[in-house]
Amino acid sequence: MNEIFQECTRCVIDAHAADVVFDSAGRCNYCTDMLEKLAVYQPTDPKKLETKLGAFIDKVRTAGRGKRYDCIIGVSGGADSSYALYLAKQHNLRPLAVHMDNGWNSELAVNNIENLVRKLSVDLYTHVVEWREYRALQQAFFDADVIDVELLYDNAMLAVNYGLATRYGVKYMLSGSNTTTEGMRMPRNFNWNKFDRKNILAIAQRYGVKVRSLPTIGVKRFAWHRLVRGTQWVPFLDYINYNKERCIDVLVKELNYRPYPYKHYESIFTRFYQGYLLPTKFGVDKHRLHLSSLICSGQMAREQAKELLARNPYSDPDDLQADIEYFLKKMGWSEPNLAAYLARQERPHDDFDSEASLYAKLLKLQKRFIPGR
Ligand SMILES: [Zn+2]
């Protein structure tokens with residue numbers, strides 16, 4: 001039986017999201033919060049935003065004086081991080097582009113990154129993850145039935161970026177995350193804290209996997225970076241009026257960028273995880289968050305979002321079949337393996353050792369420590 005979940009009348013958040021509350025007009029607290037956030041980050045007077053950007057660029061440049069790079073920018077090949085790199089170069093910053101390859105990159109993403117750094121004359125540091133170890137870790141996360149399989153990638157990516165910041169004496173890490181297209185708060189039942197190194201190690205150990213080479217970062221190291229070293233992770237695109245479609249046009253025209261049909265489709269795993277595993281096993285549709293952000297920032301009409309949801313994420317069943325086959329082959333699974341995984345109950349991350357309470361304490365200390373996602 002299909003349960004019907006109440007959906008917000010202003011955005012497309014529905015009752016799957018933890019702590020969602022609807023007012024008498026059926027509007028949810030997620031979009032109410034998002035609109036307040038937008039008012040702070042996106043002043044209606046464009047001059048104000050320009051002044052803010054100018055002052056920020058000066059700060060980054062001053063901090064980078066005498067160093068090889070001013071800032072670090074993680075690039076995935078997606079539009080947001082590509083535009084962040086483009087914007088940094090437009091303002092004569094000297095970024096080091098950093099990419100992490102976990103074996104699931106789409107060819108299109110790799111082409112986009114190579115093309116981007118060449119055209120912008122930016123140094124690129126690529127960290128290639130040891131695939132056999134990474135696959136074993138992903139397998140452990142699947143065996144554990146925890147929701148956030150991407151914790152492995154995201155934590156390693158943070159570890160690599162923070163590590164390079166220390167190596168090159170860089171204070172600023174500029175990210176493509178931004179309020180206008182993804183500012184909707186992530187419901188706490190949709191993912192897990194990305195600095196939870198202890199959780200990664202505990203899940204790995206429980207299923208007999210050793211973390212030998214994958215870079216990891218825990219809450220204490222993060223706190224050291226933020227509090228002692230003063231490393232700053234900045235949602236750079238909040239300094240402009242970021243309109244995704246307009247910015248993709250610029251990237252296409254000026255840098256021969258090739259766009260993707262949906263957000264986060266630069267990684268085949270992310271595409272399959274968000275488009276199939278998350279909704280099928282966990283009842284979580286992250287696309288709703290993204291579309292709701294676009295509705296709140298006036299970049300999409302609610303009707304259009306509803307249409308996209310109706311045919312998202314795999315509008316063509318052949319595409320889904322192709323991704324299932326790719327996934328099975330790469331993970332060494334059979335179809336019954338996948339069916340059994342999908343049928344099993346979710347298990348919470350904190351069934352395993354975790355740094356959640358430590359992180360909560362840190363958050364209480366200073367709310368702005370959370371990276372902008
Ligand atoms: Zn809403």
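Tabulated data
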{"item": "Scope the range 273-308; condition part of a helix (DSSP H, G or I), away from the ligand (no atom under 14 Å from the Cβ) and in contact with a helix residue (DSSP H, G or I) (Cβ under 8 Å, 6 or more places away or on another chain); matching residues", "result": "Gln274, Gly275, Tyr276, Leu277, Leu278, Thr280, Lys281, Lys286, His287, Leu308"}
{"item": "Cross-chain or 6+ apart pairs with Cβ under 6 Å, the range 214-238 first and modelled with pLDDT of 95 or more, then of a type in the set (Val, Ile, Thr) and open to solvent by 10 Å² or more (accessible area, probe 1.4 Å)", "result": "Pro215/Val160"}
{"item": "Any pair with Cβ under 7 angstrom, 6 or more apart, that starts in the range 293-304 at a residue that is closer than 16 Å to Cys28 by Cβ and ends at one that is within 13 Å of the ligand (Cβ to nearest atom) and open to solvent by 50 Å² or more (accessible area, probe 1.4 Å)", "result": "Ile295/Arg302; Cys296/Leu35"}
{"item": "Any hit, the range 86-104, residues being more than 16 Å from the ligand (Cβ to nearest atom), among the small types (Gly, Ala, Ser), under 30 Å from Gln138 (Cα atoms) and in contact (Cβ under 8 Å) with a residue 24 or more places away in the chain", "result": "yes"}
{"item": "Which numbered condition Cys11 misses (of (1) assigned to a strand (DSSP E or B); (2) within 16 Å of the ligand (Cβ to nearest atom))", "result": "(1)"}
{"item": "Yes/no for Thr231 being open to solvent by less than 60 Å² (accessible area, probe 1.4 Å), hydroxyl-bearing (Ser, Thr, Tyr) and in contact with a strand residue (DSSP E or B) (Cβ under 9 Å, 6 or more places away or on another chain)", "result": "yes"}
{"item": "Odd one out for Val21, checked against (1) in contact (Cβ under 8 Å) with a residue 40 or more places away in the chain; (2) open to solvent by 30 Å² or more (accessible area, probe 1.4 Å); (3) within 13 Å of the ligand (Cβ to nearest atom); (4) of a type outside the set (Gly, Ala, Ser)", "result": "(1)"}
{"item": "The lone exception for Gln6 - which of (1) polar (S, T, N, Q); (2) within 16 Å of the ligand (Cβ to nearest atom); (3) without any contact (Cβ under 8 Å) to a residue 12 or more places away in the chain it fails", "result": "(3)"}
{"item": "Boolean, Thr62 is within 29 Å of Lys171 (Cβ to Cβ), more than 16 Å from the ligand (Cβ to nearest atom), exposed (fewer than 11 other Cβ atoms within 10 Å of the Cβ) and not small (Gly, Ala, Ser)", "result": "yes"}
{"item": "Residues satisfying the stated conditions in the range 178-192, i.e. in a loop (DSSP other than H, G, I, E, B), surrounded by 21 or more Cβ atoms within 10 Å (Cβ to Cβ) and out of contact with any His (no Cβ under 7 Å at 6 or more places or on another chain)", "result": "Asn178, Gly183, Met184"}
{"item": "Looking only at the range 24-36, and only at residues there that are more than 8 Å from the ligand (Cβ to nearest atom) and in a loop (DSSP other than H, G, I, E, B), the one that is least open to solvent (accessible area, probe 1.4 Å)", "result": "Gly26"}
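Okay, residues lined up against (1) basic (Lys, Arg); (2) under 28 Å from Val117 (Cβ atoms); (3) assigned to a loop (DSSP other than H, G, I, E, B); (4) open to solvent by 30 Å² or more (accessible area, probe 1.4 Å):
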| site | (1), (2), (3), (4) |
| --- | --- |
| Arg246 | yes, yes, no, yes |
| Pro259 | no, yes, yes, yes |
| Asp318 | no, no, no, yes |
| Gln321 | no, no, no, yes |
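The values are calculated or read from the model by the stated rules, or taken from the named source; none is laboratory data. Being a predicted model, the structure only gives us computed values, none of them experimental. Cβ: placed from backbone, ideal geometry, glycine included. Neighbour counts: every protein chain shown. Ligands, DNA and RNA are stripped out before the accessible areas are found, and what is left, the full protein with its side chains, is counted by its heavy atoms. Shrake-Rupley method; radii C 1.70, N 1.55, O 1.52, S 1.80 Å.
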